[in-house]
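Contents: one structure, followed by commentary.
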Amino acid sequence: MKWRDRLVPGGNHFSENKIRAFLSILGVFIGVASVLCMISLGDGAKQIISQDIEKVGGTNQIRFGMSFWTSRGGRLVRTTERLTLSDALAIEAECPGIRFVLPKNERALTLVTSKNGRQARPTLEGVTPDYPIALRWEVQDGRFLSENDIDNATQVCVLGNAISTELFQQTSAIGQEIKVRYQWDRPVRLRVVGVMKPKGRSFVFSGWNLDTALLVPVTTYQHRLSGYDDITDLIIFTENSADMETIILMVYNILRRRHRNKDDFLWHWIPKTANERLNHIQSVLKIALSSIASFSLLVGGIGIMNICLVSVGEQTREIGLRKAVGASRVDIFYQYLTESICLCLCGTLLGIAGGWVAAHGMARVAVRILPIVEKWPVVLSGHWILISVLFSVFIGIAFGVYPAIRAARLSPIDALRSEN
């Protein structure tokens, strides 16, 4: 008997009992759809975070910050040491495997007023000329801060795109003068020399919007705006092949040597480590979701086995008739095994489509819940689709074998005597 003659009857019986077949594949559909939906959203979140880390300089960086308080003997004590611009130069000179060190100061609650009276509250940042290189951020109009601006603490600034639009709207900001005031301090006049291209928000850094930044020379920030020589952050950008832990130990040794053997005023954070932890968490979640899907598919497989046994019972006389006219046990076996596999495959294909639709729906909901993300990508990788299809075939075979064997073993005489 040809393979087509063996396989078609199983598919025909499936099409003749659509409602019963659909109910039997519901477990497979739900299992596949739910897992693919969550995996698609999870891979989308991973893509968002990876792109976001690249937006703020990539994973090859170590951020050192300054802590003003430390715990000693169960009580908070104010630290005495502070980071300085010379610390950044010393680290850059003494540590191998470092591309450059970016010193940075940052201050919120800054009021900026333009000559036309418009006001904005940007994040004031004191930076160096390496800042746009580090963040892969291009200048849209004008220029960025120069080494001369750093050396002479010139009263110039570069605006984020949103701040430029808020202060000057459609008018060019280049050459315009603004007043910068922090709380009740005396206002400082700055001349705009550049406007950055739109960059967007940072998901990793608590919704920090780079387009609302006001960038000034770090020395201008120290001498004219804050009045302190402190540096609140040191961002170290490393070579691709550099060992992060070794660099961290070297940096701590340099800073302890320069700060009376103290390091209680320091903390550090590595985006690469955070990204690796995210990957580990995602792997654990995928294992958990796959386990849940396996149980759902097992339940669906039991339902399919039940429907196949019912099918064998209903078609007992037909089985007897086919055997009487020459059908072998193998032909009958493949007929009912095909029915089981078809049911599982249909459930899987519907589950893939359902998971894709559900993932897009949940992605839209996620964008509304997290407005700092403009678009939540849905990433449905081909290997997960392939795994779903292969596993569904396995379930179809595993739960279809017994009904198929039972049908194949029926005696033609007993089958023809059946009243069904």
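Among the chymotrypsin sites (Phe, Trp or Tyr not before Pro) in region 101-174, which ones are in a DSSP loop with at most 12 other Cβ atoms within 10 Å of the Cβ? Mind listing them?
Values: sites: Trp137, Phe144, Phe168; in loops: Trp137, Phe144.
The qualifying sites: there are none.
Let me know the shape class of region 103-154, please: from the alpha-carbon gyration tensor, a ≥ b ≥ c as square roots of the eigenvalues, rounded when a/c is under 1.5, otherwise prolate if a/b is greater than b/c, or oblate.
Prolate, because a/c is 1.5 or more and a/b exceeds b/c.
Taking the Cα-to-Cβ direction at Ile397 and at Thr113 and moving 7 Å from each Cα, how far apart do the two end points lie in nm?
Modelled inter-label distance: 7.9 nm.
Which order do peptides 83-95, 176-188 fall in by mean Cβ count within 10 Å, highest first? Mind showing how you got there, number by number?
Values: 83-95: 17.2, 176-188: 14.6.
Packing order, densest peptide first, comes out as 83-95, 176-188.
Based on the mean of other Cβ atoms within 10 Å per residue, sort peptides 24-32, 344-352 so the most packed one is first. Show your work: numbers first, answer last.
Numbers: 24-32: 25.3, 344-352: 23.6.
Taking the mean over residues of other Cβ atoms within 10 Å, the ranking is 24-32, 344-352.
Pulled fully out, how much extra length does the chain show between Asp263 and Val310, if you take 0.36 nm times their separation in residues and subtract their Cα-Cα distance? Display every interim value, and only then the final one.
Numbers: separation 47, 0.36 × 47 = 16.92 nm, distance 7.45 nm.
Result for the pair: 9.5 nm of gain on full extension.
In the P(r) worked out for region 362-404, what percent of Cα pairs fall beyond 15 Å? Spell out each step's value before the answer.
Numbers: 568 of 903 pairs.
So the portion of pairs separated by more than 15 Å is 63 percent.
If you count, for each residue, the other Cβ atoms within 10 Å and average over each peptide, how do 375-387, 151-163 line up from highest to lowest? Working shown, then result.
On the way: 375-387: 14.7, 151-163: 21.4.
Ranked by mean Cβ neighbours within 10 Å, highest first: 151-163, 375-387.
At a 1.4 Å probe radius, which order do Phe394, Phe68, Phe237, Phe399 fall into by accessible area, largest first? Don't skip to the end; give the middle numbers.
Working: Phe394 120, Phe68 75, Phe237 0, Phe399 35 Å².
Order by accessible area, largest first: Phe394, Phe68, Phe399, Phe237.
Accessible area per residue for region 34-114 in Å², computed with a 1.4 Å probe and the full protein assembly in place, what is it?
On the way: 3270 Å² over 81 residues.
With all protein chains present, region 34-114 gives 40 Å² per residue.
Once Lys and Arg get +1 and Asp and Glu get -1 on their Cβ, which of Leu89, Pro217, Leu76 lies farthest toward the positive end of the dipole of region 66-221?
Result: Leu76, furthest along the dipole toward the positive end.
What ranking of Met38, Met66, Met305 comes out by heavy-atom accessible area, probe 1.4 Å, highest first? Walk me through the numbers on the way to the answer.
Values: Met38 85, Met66 20, Met305 50 Å².
Highest to lowest solvent-accessible surface, that is Met38, Met305, Met66.
With a 1.4 Å probe and all protein chains left in place, how much of the accessible area of region 102-220 comes from carbon and sulfur atoms, in whole percent? Write out the running numbers ahead of the final one.
Details: 2330 of 5300 Å².
Roughly 44 percent, rounded to a whole number.
Given region 116-266 reduced to its alpha-carbon atoms as identical point scatterers, what log10 I(q)/I(0) does the Debye formula return at q = 0.17, 0.21 Å⁻¹?
Log10 I(q)/I(0), no solvent term: -1.06, -1.38.
Evaluate Rg over Rh across region 26-88, taking Cα atoms for both radii and Kirkwood's formula for Rh.
Details: Rg = 22.5 Å, Rh = 16.6 Å.
With Rh from the inverse mean 1/r over Cα pairs, Rg/Rh is 1.35.
Gain in length, Arg181 to Val357, computed as 0.36 nm per residue apart minus the alpha-carbon separation, to one decimal in nm?
Net length gain for the segment: 58.3 nm.
Once amide H atoms are built 1.01 Å from N in the peptide plane, which residues 5 or more positions from Gln61, or in another chain, come under 5 Å H to H?
Result for Gln61 returns Thr238, Lys272.
Holding the Cα-Cα limit at 25 Å, pick out from Lys55/Lys115; Lys104/Lys375; Lys46/Lys199; Lys115/Lys197; Lys55/Lys375; Lys104/Lys262 the pairs that are longer than that.
Too far apart for the 25 Å limit: Lys55/Lys115; Lys104/Lys375.
The values are calculated or read from the model by the stated rules, or taken from the named source; none is laboratory data. Keep in mind it's a predicted model, so treat the numbers as computed, not measured. Positions of Cβ are backbone-derived with ideal geometry, glycine not excepted, and every protein chain shown enters the neighbour counts. The protein model used for the area step is the full one, side chains on, heavy atoms only, and it has no ligands, DNA or RNA in it. Shrake-Rupley method; radii C 1.70, N 1.55, O 1.52, S 1.80 Å.
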